1. Go through the stretch 1-28 and give me each residue that's buried (at least 23 other Cβ atoms within 10 Å of the Cβ), part of a helix (DSSP H, G or I) and of a type in the set (V, I, T).
2. Which ones in the stretch 1-59 are farther than 22 Å from Q180 by Cβ, charged (D, E, K, R) and in contact with a strand residue (DSSP E or B) (Cβ under 6 Å, 6 or more places away or on another chain)?
3. Collect the residues in the stretch 58-78 that are in a helix (DSSP H, G or I) and either surrounded by fewer than 17 Cβ atoms within 10 Å (Cβ to Cβ) or at pLDDT 95 or above (or both), keeping them in residue-number order.
4. Being among the β-branched types (V, I, T) and either under 30 Å from G210 (Cα atoms) or part of a loop (DSSP other than H, G, I, E, B) (or both) is the filter here, so list the residues in the stretch 107-156 that pass it.
5. For V187, which of the numbered conditions (1) more than 24 Å from G10 (Cα to Cα); (2) β-branched (V, I, T); (3) surrounded by fewer than 17 Cβ atoms within 10 Å (Cβ to Cβ) fails to hold?
6. Which residue is surrounded by the fewest Cβ atoms within 10 Å (Cβ to Cβ), if the candidates are limited to the stretch 190-217 and must be within 25 Å of V7 (Cβ to Cβ) and of a type in the set (A, V, I, L, M)?
7. Please specify each residue of the stretch 119-144 satisfying the condition of being of a type in the set (V, I, T) and at positive phi.
8. Identify, from the list G55, G15, the residue that is under 17 Å from T82 (Cα atoms) and modelled with pLDDT of 95 or more.
Amino acid sequence: MDGPILVTGGTGTLGRAVVAQLLDEGVAVRVMSRRPRRADDDRACEWAVCDLADGVGLDAALAGVRAVVHCATNIRDDTATTRRLVEAARRTGGPHLVYISIVGIDEVPLPYYRSKLEAERIIQGSGLPWTILRTTQFHDLVATLTTVQRRLPLVLMPSGLRFQSVEVTEVAGRLVGLSQGAPAGRVPDMAGPEVRDARDLAGATLRAAGLRRPVVPVWLPGKILRRLRAGANLAPDRAVGTGTFEQYLAARAGAGRL
């Protein structure tokens, strides 16, 4: 099937990286965003304004595309927006739908994770050609847990929590490859190269930012934290990412963006 690849959430952290890599490979791209294109954006891609929350403009965004890399997410209800996308995709030619998901969503009872799991089920039962990739958290999300507390005299971090964060550009590269291949169903998970304690990661973030704060572990009760402490968010057997957390921090600090 000819036509461009549509990237939903094409101006977000992951979506931007996907768009950049598709363009680098000479692939025709259509960016879907809630906002109009900026006047200084001279990239060689199409643009579609659409908000998945109401679906206005969705059919036009999907018209003629051969694949959709679904990077847009809704922290309140990813299920509803994914269902809306699937219904429109069925109306407009049935493109290959590539969905980014999260390791552990079937084990950690976070409402957002439950929404992502239901979104996976919607895609699997959609009748569309589909591929789903689950990954661990991105480096930038893990760093943000610390940087959002930068104005406090200390940094609080749940004790016993570990992460296996992954470089977002590597995830983008995997999605780009999947979007140009045959539908593959649920593909092997993708995780970062190291399992690290959250307190250790917070300390690394503070040092890279030139901040001196004590990192205070806090014991939090509940099933969600119990499952996270048990490692439900980790995939040590899928440590295929190569970019480390320190490499991410160094790059961000060097660019003055930490």
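The values are calculated or read from the model by the stated rules, or taken from the named source; none is laboratory data. Keep in mind that what you see is a predicted model, and the values were worked out from it rather than measured. For neighbour counting, all protein chains shown are included, and Cβ atoms are generated from backbone atoms with ideal geometry for every residue, glycine included.
1. V18, V19
2. R37
3. Narrowing the stretch 58-78 to residues in a helix (DSSP H, G or I): 58-62, 78.
Correct list: L58, D59, A60, A61, L62.
4. Step one: list which residues in the stretch 107-156 are among the β-branched types (V, I, T), which gives 108, 122-123, 131-132, 135-136, 142, 144, 146-148, 155.
Correct list: V108, T135, T136, V142, T144, T146, T147, V148, V155.
5. Against the list (1) more than 24 Å from G10 (Cα to Cα); (2) β-branched (V, I, T); (3) surrounded by fewer than 17 Cβ atoms within 10 Å (Cβ to Cβ), V187 comes up short only on (1).
6. Pass one, the stretch 190-217, residues within 25 Å of V7 (Cβ to Cβ): 190-192.
Filter once more, keeping what is of a type in the set (A, V, I, L, M): 190-191.
Numbers: M190: 21, A191: 25.
Here the answer is M190.
7. Step one: list which residues in the stretch 119-144 are of a type in the set (V, I, T), which gives 122-123, 131-132, 135-136, 142, 144.
Across the stretch 119-144, there are no qualifying residues.
8. Values: G55 fails: modelled with pLDDT of 95 or more.
After applying the criteria, what remains is G15.
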